[in-house]
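Scroll down for the structure; my scribbles are underneath it.
Just so you know, all these numbers are worked out from the coordinates, no wet-lab data involved. Quick caveat, the model's predicted, so the values are computed rather than measured. Neighbour counts run over all protein chains shown; Cβ positions are idealised from the backbone, glycine included.
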Amino acid sequence: MLDGKYGETMQNSMELLVALGDSYDAERMVSIGSAHLVSPNPISAGKGGTAFIKEIATKGGKFVVPTTTNPACLEPWSWREMGFSEELYLEQVALSQAIAEMGGFLCNTCIPYLIGHAPRMREHIAWGESSAVLYANAVCGARTNREGGPAALAAAIAGRTPLYGYHLDENRFGELEIVNRVDLKCDSDYATLGYFIGKIAQNRVPIITGIPTTISQDEMKCLGAPFAVTGSISHYHIVGVTPEAPTEGVASGKKRIRSFDIHEFGLKEFKETEESLCVIGPEEAELVVLGCPHASITQLKKYAATLSERKVKPTVEIWILTSDVIKNYAKSLGIADSIESTGARLVTNTCPPAMPRDFFKKKGYRRVATDSPKMVYYVSTTKDALCYYGKLENFIDIVTRKR
Amino acid sequence: MTEMILKGHKVAKGKAKGEALVSQSPISFMGGVNPEVGIVVEKGHELEGVSICDKILIFPTGKGSTAGSYQLYELAYLKKGPKAIINIRADSIVAIGAIMSNIPMVDRLDQNPLKVIETGDIVEVDADQGIVRIEK
């Protein structure tokens, strides 16, 4: 594969993977079941990355495993109405086409695992998108490192990835413990805990205790998403819940966690974390962004219930981000209509950090309210907006009125 | 002038010499750095407002989004990137970004580079040999 017998794109991909493997002293490659590509858009890939991806497609590169895509920079049918430029639309279409030519599933979502692409336990995969990496490793028990865009692309073409890091049993054990003492009641409460854990664990694998065994899939999705905002965590365990953590001993590989590596998350930490994410009040928001990571069908149903019998105020816009697949499901159930009749917008295929840097400024979105700490980070760093963080119920009366 | 040599491990091949810029905290290339100007924009980051362009950039490890690899490539593509990177331990996002951008990069040095190297030192990275030369 390295000597070019299978073509130039295979050779280039293998060269990249061998260099990556060498930098981690990987002994060999391992076959993968799927790949998930980040930055399939001209904004996060940049001019350089866009040219890089298109060149591989032009040279005839083909994916040999199912390969899904993270959000694009706009929604293909509403770009004009939402205020994106035609130039950007055309750039996105050209890049999406290049990925489609290579055989990609253009799902343009950060939750491929909820729309038919969940990996199985112990399956080796090459996924990007930090929140999806955490879900795949921790909740599904699959094996992936945090793959940057080019690494996942090369792995998709080669059908393999270097065997290092989280592909190896010995690196998957918990290294520190977070003891939860808070009665976590909703997705956002779990996200607050996740943001706290990311800061403390940095790049280590946390074991979380004190979590009810009734924790839902949505709550785990929201818990993991902010881990890699403040850190670069790839994996976690919840004792009694996630597949590699039937007991604390199994999760830690029978190592005793040292006392200085045990951290409590109590009401004080909960409040401090929430406050650290707010620099404005919700009444100042011009835009509300919900659905980070992209909303599941059950989350859409909850948002619909919170918004029911209400109308979004004319001074504010509400976006609920989700996958196209889930929006279509929501349409068939009447949930999409119920949400859109309030004036809130279901936005699919995209996500603010993938949008142009000056887009929010141009649209007059300087202040944003969101129920996701990950969105706070990306909206404030990539869109220069000021944020309020809290669950929708906290500010529903401010951004909507009763019908 | 004193010279010091650290030995470590190649992440991405190549050689470069330039002025050191040290960050004690991790860096996210997605969102954390504006690739059009090469300036750190993460609020409250110790390098907020500082240019990483043409510097020998020293930080503990990468953090944040997996889109960081292309963003590092974009910095290099727009000629706003660092000349070389030194990490305590490379994370996969920065590693692959450096490899495809031809930015020399080393990690796992025999001394902590965050303690030994100061911003402003002249540093030469020879990634192929896994060597870092520091002039103070």
>> Can you give me the long-range amide H partners of residue A:30? Hydrogens built in the peptide plane at 1.01 Å from N, cutoff under 5 Å, separation of 5 or more residues or another chain.
In response: A:161, A:163
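Just to confirm a number: summing +1 for Lys and Arg and -1 for Asp and Glu over residues other than residue A:51 whose beta-carbon lies under 13 angstrom from that of residue A:51, what do you get? Intermediate values should be presented prior to the final figure.
Working: positive: A:47, A:54, A:59; negative: A:55, A:91, B:74.
Around residue A:51, the charge tally is 0.
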> Could you list log10 I(q)/I(0) for the range A:328-403 at q = 0.15 Å⁻¹, which the Debye formula gives when each Cα is one point scatterer?
Replying inline: -0.65
> Could you give the nm distance between label points at residue B:4 and residue A:90, where each point is 7 Å from its Cα heading toward the beta carbon?
Replying inline: 5.4
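Mind putting a number on the dipole of the range A:8-169 about its Cα centre? Charges go on the C-beta only, +1 for Lys and Arg and -1 for Asp and Glu, and I need it in Debye to the nearest 20. It would help to have the intermediate numbers written out before the result.
Working: 11 positive and 16 negative charges, 71 e Å.
Around 340 debye, computed over the range A:8-169.
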> Using a ≥ b ≥ c from the Cα gyration tensor of the range A:93-151 (square roots of the eigenvalues), is it rounded, prolate or oblate, where a/c under 1.5 gives rounded and otherwise the larger of a/b and b/c decides, a/b for prolate?
Replying inline: prolate
> Can you give the Rg to Rh ratio of the range A:278-402, both from alpha-carbon atoms, with Rh computed by the Kirkwood formula?
Replying inline: 0.94
> If you average the sequence gap of Cα pairs under 8 Å that are 6 or more apart and divide by the length of the range A:181-260, what percent do you get for the contact order?
Replying inline: 33
> Cα axis of helix B:92-101 to longest principal axis of chain B: angle in degrees, 0 to 90, nearest 10?
Replying inline: 80
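With both bridge residues required to lie in the protein assembly as shown, what share of the DSSP beta bridges run antiparallel, to the nearest 5%?
On the way: 27 of 71 bridges.
Within the protein assembly as shown, antiparallel bridges account for around 40 percent of the total.
Work through the residues other than residue A:357 whose Cβ is under 9 Å from its Cβ and net out their charges, Lys, Arg +1 and Asp, Glu -1. Could the numbers behind the result be given before it?
Working: positive: A:361, A:383; negative: A:358, A:384, B:36.
Around residue A:357, the surrounding residues sum to -1.
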> For the pair residue A:393 and residue A:97, how long in nm is the line joining their label points, each one 7 Å along Cα→Cβ?
Replying inline: 4.9
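Please report the antiparallel percentage of DSSP beta bridges with both residues in the range A:278-402, rounded to the nearest 5.
Working: 3 of 19 bridges.
Of all bridge pairs located within the range A:278-402, approximately 15 percent are antiparallel.
Over chain B, consider all pairs of different Cα atoms and compute the Kirkwood hydrodynamic radius from their mean reciprocal separation; express it in Å, one decimal.
Details: mean 1/r = 0.0706 Å⁻¹.
For chain B, the Kirkwood estimate is 14.2 Å.
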>> Please report the antiparallel percentage of the DSSP beta bridges confined to the range A:8-169, to the nearest 5.
In response: 30
> Taking only the alpha-carbon positions of the protein assembly as shown and ignoring solvent, what does the Debye formula give for the base-10 log of I(q)/I(0) at q = 0.05, 0.10 Å⁻¹?
Replying inline: -0.18, -0.77
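Using the Kirkwood formula over every pair of different C-alpha atoms, what hydrodynamic radius in Å results for the range A:173-275? Before the final figure, lay out each step's value.
On the way: mean 1/r = 0.0751 Å⁻¹.
Taking every pair of different Cα atoms in the range A:173-275, averaging 1/r and inverting gives 13.3 Å.
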> By counting other Cβ atoms within 10 Å of each Cβ, how are A:28, B:89, A:367, A:204 ranked from fewest to most?
Replying inline: A:28, B:89, A:204, A:367
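What ranking do A:117, B:45 get, fewest neighbouring Cβ atoms within 10 angstrom at the top? List each step's numbers first, then the result.
Working: A:117 21, B:45 18.
Listed from fewest to most nearby Cβ atoms, that is B:45, A:117.
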>> What are the ³J(HN,Hα) couplings of the range A:32-44, residue after residue, when phi is run through the Karplus curve with 6.51, -1.76, 1.60 and θ = phi - 60°? Round to Hz, x for glycine and proline.
In response: 10, x, 6, 9, 10, 8, 8, 6, x, 9, x, 7, 6
> Considering only B:71, A:95, B:97, whose Cα is most displaced toward the positive end of the charge dipole of the protein assembly as shown, charges sitting on Cβ of Lys, Arg (+1) and Asp, Glu (-1)?
Replying inline: A:95
>> With +1 assigned to the C-beta of every Lys and Arg and -1 to the C-beta of every Asp and Glu, and no other charges, what is the dipole magnitude of chain B about the Cα centre in debye, to the nearest 20?
In response: 260
> Hey, how many Å between the Cα centroid of the range A:93-164 and the Cα centroid of the range B:50-116?
Replying inline: 23
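Based on other C-beta atoms within 10 Å, arrange A:298, A:58, A:370, A:242 from fewest to most.
Starting with the residue having the fewest Cβ neighbours, the order is A:58, A:298, A:242, A:370.
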> In Å, what Rg and Dmax follow from the Cα atoms of the range A:8-169?
Replying inline: 15.5, 52
